[in-house]
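Written out below as structure tokens is the structure these notes cover.
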Amino acid sequence: MLLKLTILPGDGIGPEVTEQAVLVLQAIANGFGHQLQLQHKLIGGAALTAVNDPLPADTIQACLGSSAVLLGAVGSPAFDHNPGHLRPEAGLLRIRRELGAYANLRPAVLFPALEDTSPLRAEIVRGTDIMIVRELLGGTYFGQPRSIEGNPGSRVAVNTMRYSESEIERIARVAFELAMKRRRKVLSVDKANVLECSRLWREVVTRVGKDYPEVKLGHQYVDSAAMLLVQRPTDFDVLLTENMFGDILSDQAGGVVGSLGLLASASIGGPVGLYEPVHGSAPDIAGKGIANPLGAILSVAMMLRHSFQLEREAACIENAVSAVLSQGARTPDLAGKSHAAISTAEMGRRVVEATRASTVSSSAQA
Ligand code: IPM
Ligand code: MG
């Protein structure tokens, strides 16, 4: 199969982690006989520095012309005082929009080897396997009007949370479809005791749920869901929620399974899927070679699964990651006191090696 991809390394640790993810992808392509066609483009702060635009037109064109997009991270303190449209994040929000990627899947899975890495006790966190389904193109991130107006000292800021029934319905369907292939539970998270958006959300999700009688649907207020996530993480199967609640709860889920550096994501629903680690640009550790590349590597697995239906290849990467963790490979975010930490590149190298080993055995089986 021809895998025609656009790579958007972006800012901070983005380039370091995407480099390792691409090496793993190359190992998969070699092992399974796929052809890779890659082009690298600018986004975020890197694009602002080069052409004063966080999402240049030729980046959009390249993404729309490929079969999938792999993104590192965007964000840099250098642009903290820029107006909204000239911030790195504006490039990310816009590419999500341009690609029509309304469904953001963020799995939070506890790797058995990391039971003692989680800040939660092993018996609480053991078996955690959550699929967060975050609505990605609506809510306060995109709602109009938005502004800061008035004179210094008496300014007023406005953001708008907005959801239409059709936006809620399409993301709810994604959650129920995923639940059918998992443990058949959807927990819809909202703030229906306070927000109109959430009342509509709950009504529409309940209606869509009638089409999936085998799926057990629950509703939870977001404050209470945040508590349950640390108290009983194994109760969760599919967690369905709106854009900002999903942003917050997915970082929390990263903490629960040991490190945000492990979390991958797929943003799908449009013509071209966008795959990115959840962790962000981490400017404090950028360039030091210590970032965890596993979130980016696991995002490549999600790409193979969701954009190319290459389930065997995806599983091969996931097994390789699980294997190197079992062998004790830890970047500093995972190392704690009990393990020596290895670099970004060394972690990547070990996953490549484990991937090669398992492609040899799976082609032998095929
Ligand atoms: C994420 C990030 C982004 C978001 C930022 C960088 C705009 O935090 O992907 O979770 O809020 O969606
Ligand atoms: Mg976030």
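The values are calculated or read from the model by the stated rules, or taken from the named source; none is laboratory data. What you see is a predicted model; the values in this text were computed from it and never measured. No Cβ is skipped: glycine too gets one built from the backbone with ideal geometry, and neighbour counts run over all protein chains shown. Ligands, DNA and RNA are excluded from the accessible area calculation, which covers all protein heavy atoms including side chains. Shrake-Rupley method; radii C 1.70, N 1.55, O 1.52, S 1.80 Å.
Suppose we keep only residues that are assigned to a helix (DSSP H, G or I) and of a type in the set (F, W, Y) within region 138-180. Which one would you say is farthest from V204 (Cα to Cα)?
That would be Y141.
With the structure loaded, tell me whether G209 is crowded, with 17+ Cβ neighbours inside 10 Å, of a type in the set (G, A, S) and more than 23 Å from the chain's Cα centre (by Cα) or whether it fails that test.
yes
Quick one: in region 221-255, which of the residues that are among the acidic types (D, E) and more than 16 Å from ligand 1 (Cβ to nearest atom) is least open to solvent (accessible area, probe 1.4 Å)?
Of everything passing the filter in region 221-255, D237 is least open to solvent (accessible area, probe 1.4 Å).
Tell me which of these G289 doesn't satisfy, since it passes every other one: (1) surrounded by fewer than 24 Cβ atoms within 10 Å (Cβ to Cβ); (2) out of contact with any helix residue (DSSP H, G or I) (no Cβ under 7 Å at 6 or more places or on another chain); (3) under 26 Å from L92 (Cα atoms).
G289 satisfies every listed condition except (2).
With E203, E135, E177, E214 as the choices, which residue is modelled with pLDDT of 95 or more, more than 24 Å from R305 (Cβ to Cβ) and acidic (D, E)?
E203
Looking only at region 82-116, which residues are part of a helix (DSSP H, G or I) and of a type in the set (V, I, T)?
I95
Find all pairs meeting these conditions: Cβ atoms under 6 angstrom apart; at least six residues apart or on different chains; first residue within region 141-166 and farther than 23 Å from A90 by Cα; second residue surrounded by 13 or more Cβ atoms within 10 Å (Cβ to Cβ).
E165/V204
Is it the case that region 276-286 has a residue that's open to solvent by less than 40 Å² (accessible area, probe 1.4 Å), part of a helix (DSSP H, G or I) and within 15 Å of ligand 2 (Cβ to nearest atom)?
no
Sort out which residues of region 336-365 are open to solvent by less than 10 Å² (accessible area, probe 1.4 Å) and hydrophobic (A, V, I, L, M, F, W, C), and write them in order of number.
M347, V351
Looking at this structure, is P293 at pLDDT 95 or above and either within 16 Å of ligand 1 (Cβ to nearest atom) or not assigned by TED's automatic domain parsing to the domain that holds V352 (or both)?
In short, no.
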